[in-house]
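The values are calculated or read from the model by the stated rules, or taken from the named source; none is laboratory data. Please read all numbers here as calculations on a predicted model, not as lab measurements. Cβ coordinates were reconstructed from backbone atoms using ideal geometry, including for glycine residues, and neighbour counts include every protein chain displayed. What goes into the accessible areas is simple: the full protein's heavy atoms, side chains included, and nothing from ligands, DNA or RNA. Shrake-Rupley method; radii C 1.70, N 1.55, O 1.52, S 1.80 Å.
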Amino acid sequence: MVILKSQHRMLNEQSIIIPVLQSIRSPLNALTTIHRCYGDLVLGRFLNKKLLFVCKPEDIEEVYNQEAKGLLSRDFLYHAKKSLFGDGLINSKGRLWVNQRRIMQPIFSRDAIPEWEKVISEEAESTKNKLINTTDAEINISKELKILIQRTFIRILMGISVDNMSNRDVLVKSINNISKGLLPLMVAEIISNGKLMWFMPNKKRQYQEAVNQLTAFVNQEIASKYEQTGHDLISLLIQAKDKKTGYSMTKELLKDETVNLFFAGQDTTINTLAWFFYLIGKNEAVHKKITDELIKYKDDPLTLENLAKLSYTKASLYETLRLYPSTTALATQALEDIVIGGQNIAKGTTIILSMYVTHHHNKLWERPNEFYPEHFLNPSETERHKYAFFPYGGGLHNCIGRHFVEMEMMIIIATLLREFTFKTDADVKEAVSITLKPCRDVIVTLMPISE
Ligand code: HEM
């Protein structure tokens, strides 16, 4: 049956000025307020820009499908993201994105990632040994995880140990400043075509300085890889070639992709793990179930195959990503008049999907605000719509690092939880930077398993 667009309804515009203004300071509050006050599909206007908030999984799927058909595009954020991401996967468009994704995808496939098991296990073991030797009962797990992920990622990406880097502190500082600066930049672009940044010149300057520092560092590393390739990720990217067309990436694109991976792969992982240890530190019963499962398989090497046996541990990791999805929202824009959820949506409307809101939706989850790994184990799991849980996004631009990062996080969790239990009474809230992080470092009490 052919359905004419005119048969669909027009959504009434809601007054969203107050929550949208709040979003500069707290995008999460703005998104949850809009959902609570107006429902699953909300149309609003800010500075003459139409904004559509989409929360229902079925509608989210429609958005991704329309994006795949070329009816929606994220290009309107291109200039805001260009200074950092250049033409890397996170920002590139059209044919360029297709070519780059095609040659990079195999490096991150399920078959290819076991290549990194050893490096991840070695770094996780070294953190475990450091913690075994600490005399402090209380440790700052956020800090330890940050060091661990940075060490692991730099080794995988560049094949060098952080211990041998003289400029590590500058690098870490620049990544932190980018994390802080990118979110206001994006929000200003989405709701005001960048105009709101005019009122924050210092923020803009600090951000740009940090981007320049990171780029200089990456350029230096790339230059050395062209002289001598190794088994690191940059070398794999240099060698990546489309067998059919012979396409391979230029030096400039290699720099962009390295920055993209560097940036996409670190904060997201550090924050997810910090939330994981926070949640299990507060939930003794869940922690015990994970420990029991890990002890059952305690002599298994932590290979991808063996990690698949740890179903409760994996469910707990997913539950962490449900409650605290590192990317809390995504935005795209209608290139033509389209229909979403049976409603006519005008060309030019900015469409906002929020993992955070959908993951806490009380009609989709049995216990929306609790840490309840059974959400991912109960039979109802199979009946749930695939876009009820989408921490890695979806559609064409889904996270290329998903298999890699799940393996990395599972190896780290298993290595540490085979040795220790973690406990905390702290109440930590969400702070929003470009990724969803704990508002302060998570401090836990550490106890050896045998006690
Ligand atoms: C817990 C960790 C991670 C989370 C939650 C996460 C989440 C996401 C999300 C939500 C997207 C956007 C998808 C969309 O636009 O629909 C994305 C894209 C991307 N992620 Fe991840 N990510 C994680 C780790 C990683 C890692 C470790 C890497 C690299 C090693 C990575 C590389 C990328 C890249 C390159 C893209 C852009 C893909 C494209 O547009 O083609 N991510 N990720």
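The single condition among (1) within 12 Å of the ligand (Cβ to nearest atom); (2) more than 21 Å from residue 434 (Cα to Cα); (3) under 19 Å from the mean Cα position of the chain (by Cα); (4) open to solvent by 10 Å² or more (accessible area, probe 1.4 Å) that residue 96 does not satisfy is (3). With the requirement that a residue be of a type in the set (S, T, N, Q) and either more than 10 Å from the ligand (Cβ to nearest atom) or on the phi > 0 side of the Ramachandran plot (or both), what does region 100-114 give you? Hit for region 100-114 is 109, nothing else. Of all residues in region 145-164, those that are open to solvent by less than 20 Å² (accessible area, probe 1.4 Å) and of a type outside the set (S, T, N, Q) total 9. The number of residues in region 127-158 that are without any contact (Cβ under 8 Å) to a residue 24 or more places away in the chain and among the polar types (S, T, N, Q) comes to 3. Residues in region 257-312 that are of a type in the set (Asp, Glu) and within 18 Å of residue 323 (Cβ to Cβ) were compared, and the one that is most open to solvent (accessible area, probe 1.4 Å) is 284. Only strands (runs of 3 or more DSSP E) whose full extent lies in region 333-451 are considered here, and the ones with at least 2 residues that are buried (at least 20 other Cβ atoms within 10 Å of the Cβ) and within 16 Å of the ligand (Cβ to nearest atom) are 350-354, 436-438.
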